[in-house]
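The numbers here are math on the coordinates, done by the rules we state, and not lab data. Because the structure is predicted, anything quoted here is derived from the model rather than measured. All Cβ positions, glycine included, derive from the backbone under ideal geometry; neighbour counts span all protein chains shown.
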Amino acid sequence: MAETKYNPYDNMLQVLKVSADKLELHRNDYEPLKFPEREMKVSIPVKMDNGDIQVFEGYRVQHSSTRGPCKGGIRYHPSVDEDDVKALAFAMTLKCAVVDLPYGGAKGAVKVDPAKLSKGELERLTRRYTAMIIPIIGPEKDIPAPDVNTNAEVMGWIMDTYSMLHGYAVPGVVTGKSLDIGGSLGRPEATGRGVSIITTEALNFFNMTGPQRIAVQGMGNVGSNTCKLLYALGHKIVAASDASGGLSDPKGLNIDNIAQYLGQHSQSLAGCKPDGARQISNAELLACDCDVLIPCALEGQLTEDNAEKVRAKLIVEGANGPTKVEADRIFQKRGIAVIPDILANAGGVVVSYFEWVQNIQNLMWDEDQVNSMLSKIMVRSFKQVMEIVTTKSVDFRTAAYMLAVSRLVKAKRVRGIFP
Ligand code: GLU
């Protein structure tokens, strides 16, 4: 029998129910949160370099605009489906509420393996996808950003397509752009910086003092910047991995050398063999001997099958949705704290917000200003979540959901239900 695909949306609805019960909410208060406001599915015909037409499937899901314009990234991945995008859009609504940004949540995706496309094909795909979702995006409606396999270059094509079809430059339609067209200083490292700030706060909270042994899964934008920043703070990165495999060294990997290797090998660890390091698989990384485990890859990585093997005392979710509900229960039983995605990786959208604020007011802030405002928001949000953890005796995920859901419910009550 074919294995049924893991549905991250169901995972989240379970946590929503627990949090709503803890908040003693009436069903009417949180029922609308279970449904995305708007879902768009588009076909994207692309003329390939060999002259063939190939049609790709794309989505944009707007989960909520209760607290402000919808906000969230665009992911290019061959196995992404509508349920994944729904879950990721819901996570954006919660994330923006946890850090108290005046945004709702959305997510977009195209079912494609971008590594199999030429640069020209990727650009045509992006421009056609943008044209297809134009009716629902815009600086006041819904603002995309980078996510898995998309970057500043892709954002530039989106900004240009949107601007050309409107007849004037509209930098505020996307965030995570290049600095040359209205991007913000500090945005490329922002998610990793946020993860490192939250990790530091969590280590203080648990009295885990001194340099820690940290394992990081994923060497994309989030994982590589998280490694760099925690390494610079004096921690030992004892294991790191990406889709091609991983490396471990109990004495600590030299992250400067690895960053250099990634820069020279299209951000892939394949073939990287530093002295003293051992090649490991992703499964070995998740179970390696470390103090802190930071999953920064895809969702559903920590499961009922591997949760018992995890040796870290603290898990910080750099990725969106890396822990399945069943694994979460095992971690709770084992006393392993999990700092949830909607708090831990919110640094990216916080600086996206700063970028958008600069764009719509034609401002330019310096990097210190961006980083210090980011730090303030991350630390404040961590403290607010921690306050719920301690006063309500709940785990970090439930507490973060409770904070987000209570803000959303308050906003909904003030706005009321139209008509
Ligand atoms: N894709 C990132 C996330 O999942 C950033 C979203 C944004 O900046 O809008 O949080």
Residue 409 vs. criteria closer than 27 Å to residue 25 by Cβ and either touching a Lys or Arg at 6+ places or on another chain (Cβ under 6 Å) or more than 15 Å from the ligand (Cβ to nearest atom) (or both): yes
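Only strands (runs of 3 or more DSSP E) wholly contained in segment 265-372 count here; list those with 2 or more residues that are of a type in the set (A, V, I, L, M, F, W, C).
Details: elements: 278-280, 292-295, 314-316, 337-339.
The qualifying strands (runs of 3 or more DSSP E) are 292-295, 314-316, 337-339.
One line per residue, one yes/no per condition, for (1) assigned to a strand (DSSP E or B); (2) more than 21 Å from the chain's Cα centre (by Cα):
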position	(1), (2)
156	no, no
163	no, yes
195	no, no
209	no, yes
215	yes, no
Whichever residue in segment 153-195 is among the polar types (S, T, N, Q) and surrounded by fewer than 24 Cβ atoms within 10 Å (Cβ to Cβ) and, among such residues, is nearest to residue 319 (Cα to Cα): 178
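Output the residue which, of all residues in segment 74-116 that are aromatic (Phe, Trp, Tyr) and closer than 26 Å to residue 404 by Cα, is farthest from the chain's Cα centre (by Cα). It would help to see each step written out before you state the result.
At the first step, the residues of segment 74-116 found to be aromatic (Phe, Trp, Tyr) are 76, 90, 103.
Within this subset, residues satisfying the condition of being closer than 26 Å to residue 404 by Cα are 90, 103.
Values: 90: 12, 103: 15 Å.
Ranking the qualifying residues of segment 74-116, first place goes to 103.
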Residues of segment 299-320 that turn out to be surrounded by 20 or more Cβ atoms within 10 Å (Cβ to Cβ) and farther than 24 Å from residue 212 by Cβ, as a count: 1
Test set (1) in contact with a strand residue (DSSP E or B) (Cβ under 7 Å, 6 or more places away or on another chain); (2) within 15 Å of the ligand (Cβ to nearest atom); (3) within 18 Å of residue 349 (Cα to Cα) - residue 199 fails condition number: (2)
Single unsatisfied condition, residue 149 versus (1) surrounded by 22 or more Cβ atoms within 10 Å (Cβ to Cβ); (2) outside any helix (DSSP H, G or I); (3) within 16 Å of the ligand (Cβ to nearest atom): (1)
Tabulated pairs, segment 303-329, first closer than 14 Å to residue 395 by Cβ, second of a type in the set (D, E, K, R) and surrounded by 14 or more Cβ atoms within 10 Å (Cβ to Cβ), C-beta under 6 angstrom, 6+ apart or interchain: 317/341
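Residues checked against (1) surrounded by 23 or more Cβ atoms within 10 Å (Cβ to Cβ); (2) under 25 Å from residue 29 (Cα atoms); (3) more than 16 Å from the ligand (Cβ to nearest atom):
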| residue | (1), (2), (3) |
| --- | --- |
| 342 | yes, yes, no |
| 352 | yes, no, no |
| 362 | no, no, yes |
| 384 | no, yes, yes |
Filter result for residue 262 (assigned to a loop (DSSP other than H, G, I, E, B) and surrounded by fewer than 22 Cβ atoms within 10 Å (Cβ to Cβ)): no
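I need the helices (runs of 4 or more DSSP H) fully contained in segment 1-118, keeping only those with at least 3 residues that are closer than 21 Å to residue 301 by Cα and not aliphatic (A, V, I, L, M).
On the way: elements: 8-22, 27-30, 82-98.
Because the criterion is at least 3 residues that are closer than 21 Å to residue 301 by Cα and not aliphatic (A, V, I, L, M), the helices (runs of 4 or more DSSP H) in segment 1-118 that meet it are 8-22, 82-98.
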Test set (1) loosely packed, with under 13 Cβ neighbours inside 10 Å; (2) under 28 Å from residue 202 (Cβ atoms); (3) more than 25 Å from the chain's Cα centre (by Cα); (4) not polar (S, T, N, Q) - residue 275 fails condition number: (2)
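How many residues are among the charged types (D, E, K, R) and under 21 Å from the mean Cα position of the chain (by Cα) when one looks only at segment 217-237?
First pass over segment 217-237, keeping only residues among the charged types (D, E, K, R): 228, 236.
With under 21 Å from the mean Cα position of the chain (by Cα) added as a condition, the list becomes 228.
Adding up the residues that qualify gives 1.
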Long-range neighbours under 7 Å by Cβ, at least six apart or interchain, first residue within 16 Å of residue 251 (Cβ to Cβ) within segment 213-240, second part of a strand (DSSP E or B) and among the hydroxyl-bearing types (Ser, Thr, Tyr): 238/248; 239/248
